[in-house]
Every structure is written in structure tokens, then in C-alpha cells.
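Here is the structure we will look at.
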Amino acid sequence: MLINLAKSQIKISTCHLLSYICHMRKQVLSVAMIAISAALISWGYKGHRAVATIAQKHLTSNTAYAVSAYLKGESMADVSTWADEHRNPTTGKWHFLNLPLGLNHQQFVDYVNQQSNDNVYGAILKEEAILKDKASTPDQMNSALKYLIHLVGDAHQPMHISRAEDKGGNTIQVRFDNAGTNLHSLWDSKLIDHEGLSEEQIAKQYDWANETQIKKWQAASPMEWLWESYQISSELYADIKPGQQIDEAYYKQYIQTIHLRIDQAGIRLAGELNKLLNNATVPKVAAVNQTSDKTTNQKLVDVPGKLQNMPVLIPLADVGKHKGELIATTGKVYSSKDIGSMVLVNLGAAYPNQLLTIVLKGNAKQLAGQITDKTITAQGKVIDFKGKPEIVVTDTKAIVIAK
């Protein structure tokens with residue numbers, strides 16, 4: 001009997017052990033998938049921000065307003081790397097597309113269409129469908145915008161549309177600038193870093209397309225973006241050897257290709273957003289409707305997609321560059337101070353690190369108690385006060401409070 005009991009306990013222990021091993025195997029595979037995905041970050045920080053900044057410049061005023069509303073005041077550049085920072089084993093596959101080399105255009109199209117939706121092409125179509133769907137919630141729109149801003153950049157990075165066996169060039173080791181790297185990282189960021197430009201300089205210098213070129217680029221479909229990247233990655237594979245020393249000649253040969261792909265990504269991202277959001281109805285917001293000098297009533301209103309006389313919407317961080325101009329901007333209220341004749345409202349950070357001060361005067365002072373810790377959109381002329389940008393608001397209609 002003792003022997004049978006011992007055998008039973010051994011069987012139970014073995015089952016527990018096998019269950020534990022299976023569980024750990026799943027955990028290891030999940031971690032491995034995340035690690036592989038993390039290695040496939042396209043364009044790097046500078047490149048993605050440049051794509052977003054270029055796109056921001058080519059939005060219509062209506063689209064820019066809608067984008068800022070759905071992003072809750074964050075700039076496109078600020079959210080451009082969000083998708084990389086929120087990866088998991090499922091969404092990690094959304095950043096690239098694996099294909100064999102040697103496909104012609106029709107074979108390429110057929111191959112892509114036969115794949116599952118868990119790749120950059122399927123993800124772009126998925127997020128665009130969410131942005132197009134009038135039933136999408138503000139949170140769904142926020143997430144879809146962040147993904148699309150990032151994924152359009154990914155689609156234009158050649159090594160993200162490449163073969164699986166070397167993980168998009170990640171296992172092809174090379175040397176550049178006296179350091180070891182790989183083909184994928186070379187195209188993500190190393191060649192861009194070698195150029196020595198700041199984020200602002202990159203966005204300005206790469207954005208060179210004229211109106212004719214812009215129309216041509218924006219007419220291309222996401223499938224064509226991927227085909228272009230595939231053609232370039234095929235050339236890069238043919239032009240590289242494992243362990244190769246990347247010289248200045250290689251840099252000069254391909255840096256203009258990087259300029260082109262980042263500019264195309266920004267221009268096309270703007271084109272997609274303009275098609276999707278230019279005529280959209282943005283989320284309901286709390287607007288202040290003045291009824292008398294002493295009282296105000298808040299009501300929910302729909303801000304129309306076509307905004308009449310709406311100033312150009314400027315990212316909060318860039319307001320200081322537009323002194324003397326009539327603009328609109330969106331940001332969170334972090335602190336305020338009533339000094340009697342006016343209320344000073346600090347956006348972007350608390351005093352003294354605020355990005356913008358809204359000076360409420362006259363009837364607009366009534367808003368002070370309603371906007372604490374809220375995200376607001378304000379419009380007015382940017383003035384300079386001791387080196388800091390300010391907008392003086394006297395009309396309650398010049399401020400909209402996000403719900």
C-alpha cells in the first residue's frame with residue numbers, strides 16, 4: 001500500500017513538474033517575442049519624430065484641430081514612439097513584414113494579401129478603419145492615431161519590409177563609426193546620427209517636396225509604400241557582406257535615400273490623416289456659453305469638422321516660435337494664480353516651467369475655476385512677456401475645455 005501511495009505521489013509530482021515546465025516555456029517564448037520585437041524598432045527616436053513633425057506641417061487646419069483633440073493636446077512628434085514603448089507579443093508583429101527576396105510586383109502584392117493581418121500592412125488598414133468609423137470612441141481614436149503615426153514611418157523603413165531569416169538585417173553584423181552594429185540598426189539610426197543634425201534640422205531639411213511631388217506621393221497606396229521599401233531592402237541585401245566596414249562612400253550613397261523615405265512617410269501620413277479627419281466631427285467638448293456678466297452655463301457641443309475662422313493649431317511646445325501670430329493650441333492646465341485684475345493660467349507645466357501662460361481678463365476670468373487640471377484649447381495672439389509666450393483671453397469663447 002505504501003508503495004502504491006509513493007507511486008501515486010510520484011505521478012502527481014511529475015504532472016506538476018510538466019505543468020510548470022510548460023508554463024515556463026510559454027513565459028520564455030513570450031519574453032523572446034518581445035525581445036525580437038524590441039530589436040525591430042524602425043527609424044529610431046529622431047527618425048520617427050521627424051516623420052511626425054513633417055506630417056504635422058502638411059495637415060489642414062481642420063485635421064490639425066482633430067488630431068490635437070484626439071491626442072489630448074500631445075503633439076504628433078511626442079506620440080510618434082508610443083507604439084514602440086507599448087509593444088507586446090501581439091502588437092510587436094505590427095511593425096514589419098517578412099517576405100522572400102526576388103518577388104516581382106504582382107508576386108509581392110499576392111504574397112502580402114495572403115498573409116495574416118498581424119503585420120505592418122494589416123495594422124495600418126486596421127487603424128485607418130478605426131479612424132474612419134464614426135462609432136469609434138475617443139480612446140479608440142487616440143490609440144489608432146498613435147499607432148498610425150508610428151506605423152506609416154515603419155512602412156517606409158526598408159529593413160522593416162525584408163526577409164525573416166536575418167530578422168530584417170538584425171543578425172547581419174557590420175562596423176560603422178568605429179563600432180559594431182548591424183544592418184537594421186544602421187538604417188534605423190546610425191546613418192542618421194552620423195549626419196549630426198538635430199531633430200528640428202532633420203524635419204526642416206528632409207521636408208523638401210514640392211506640390212507636384214506631394215500629390216504624387218499621396219496618391220500611392222500603403223501597398224505601394226511597402227513595395228518601395230521592399231525594392232530598397234533587396235538592393236541593400238545585395239550590397240552588404242557580414243562583417244563589412246561601412247565607409248563614408250556607403251553613407252553618402254544612401255543618406256539621400258533615408259531623406260527621401262522619411263519625407264515620403266511624413267507627407268503620406270499627412271495625406272492619410274487629411275483624408276480621414278478633415279471632415280470629421282471631433283469629440284464632444286465642454287464649451288462655455290456666456291449668458292450674462294455674472295453667470296455662465298456649460299453645455300456639451302459638437303465642434304464641427306469644418307471650423308470657420310479657426311487659427312492654425314500649433315503644438316504647445318512650439319507656441320514660442322509664433323510670437324505675434326494668431327494661433328490656437330491645446331494643453332493641460334497645471335496651475336493658475338489670481339492676481340486681481342487677471343488670472344494667470346499655466347499650460348504644459350506648473351510655474352515657472354510652463355510652456356505657455358494664458359492671461360484671463362474681463363469676463364474670461366470666470367473660467368479660472370472650471371479649467372484647473374483640465375485640457376483646454378485656447379486661441380489668440382501670442383505675445384512675449386519676459387521671454388515667455390503668453391496669450392491674453394478676454395472672451396470665454398476663445399477657450400474650449402476638453403471633456
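The values are calculated or read from the model by the stated rules, or taken from the named source; none is laboratory data. For clarity, every value in this text was computed on a predicted model and none was experimentally measured. For neighbour counting, all protein chains shown are included, and Cβ atoms are generated from backbone atoms with ideal geometry for every residue, glycine included.
Within the group LEU356, LEU367, LEU347, which residue is closer than 20 Å to LEU313 by Cβ and free of Cβ contacts under 8 Å to residues at least 40 places away in the same chain?
Values: LEU356 fails: free of Cβ contacts under 8 Å to residues at least 40 places away in the same chain; LEU367 fails: free of Cβ contacts under 8 Å to residues at least 40 places away in the same chain.
Selected residue: LEU347, the only one of LEU356, LEU367, LEU347 that is closer than 20 Å to LEU313 by Cβ and free of Cβ contacts under 8 Å to residues at least 40 places away in the same chain.
What tally of residues in the stretch 55-88 results from selecting those that are farther than 25 Å from VAL400 by Cα and not in a helix (DSSP H, G or I)?
5
Counting just the residues of the stretch 182-200 that are buried (at least 17 other Cβ atoms within 10 Å of the Cβ) and of a type in the set (S, T, N, Q), which one comes out farthest from ALA155 (Cα to Cα)?
ASN182
Which of the residues belonging to the stretch 358-368 are surrounded by fewer than 21 Cβ atoms within 10 Å (Cβ to Cβ) and either at pLDDT 90 or above or aromatic (Phe, Trp, Tyr) (or both)?
Here is the first cut: in the stretch 358-368, the ones surrounded by fewer than 21 Cβ atoms within 10 Å (Cβ to Cβ) are 359, 361-363, 365-366, 368.
Across the stretch 358-368, the qualifying residues are VAL359, LYS361, LYS365, GLN366, ALA368.
Considering only the stretch 338-349, I want to know if a residue exists there that is under 23 Å from the mean Cα position of the chain (by Cα), β-branched (Val, Ile, Thr) and closer than 18 Å to LYS381 by Cβ.
To start, the set of residues in the stretch 338-349 that are under 23 Å from the mean Cα position of the chain (by Cα) comprises 347-349.
Among the residues that remain, those that are also β-branched (Val, Ile, Thr) are: none.
No, the stretch 338-349 has no match at all.
When both residues are 6+ apart or on different chains and their Cβ atoms are under 8 Å apart, which pairs have a first residue that lies in the stretch 240-260 and is not assigned by the TED database to the domain that holds TRP208, and a second that is surrounded by 15 or more Cβ atoms within 10 Å (Cβ to Cβ)?
none
Are any of the residues in the stretch 134-143 in a loop (DSSP other than H, G, I, E, B), out of contact with any Leu (no Cβ under 8 Å at 6 or more places or on another chain) and more than 30 Å from GLY73 (Cβ to Cβ)?
Step one: list which residues in the stretch 134-143 are in a loop (DSSP other than H, G, I, E, B), which gives 134-137.
Those still in the list that are out of contact with any Leu (no Cβ under 8 Å at 6 or more places or on another chain) too: 134-137.
Okay, now just the ones that are also more than 30 Å from GLY73 (Cβ to Cβ), so none.
There is no residue in the stretch 134-143 that is in a loop (DSSP other than H, G, I, E, B), out of contact with any Leu (no Cβ under 8 Å at 6 or more places or on another chain) and more than 30 Å from GLY73 (Cβ to Cβ).
Among the residues of the stretch 208-223, which ones are farther than 18 Å from ASP154 by Cα and either touching a Cys at 6+ places or on another chain (Cβ under 6 Å) or touching a residue at least 60 places away in the same chain (Cβ under 8 Å) (or both)? Lay out the reasoning, then the answer.
Within the stretch 208-223, the first condition is being farther than 18 Å from ASP154 by Cα, and the residues that meet it are 208-216, 219.
Selection gives ILE214 alone.
Restricting to the stretch 380-399, what's the tally of residues that are surrounded by fewer than 21 Cβ atoms within 10 Å (Cβ to Cβ), assigned to a strand (DSSP E or B) and in contact (Cβ under 8 Å) with a residue 60 or more places away in the chain?
The total comes to 4.
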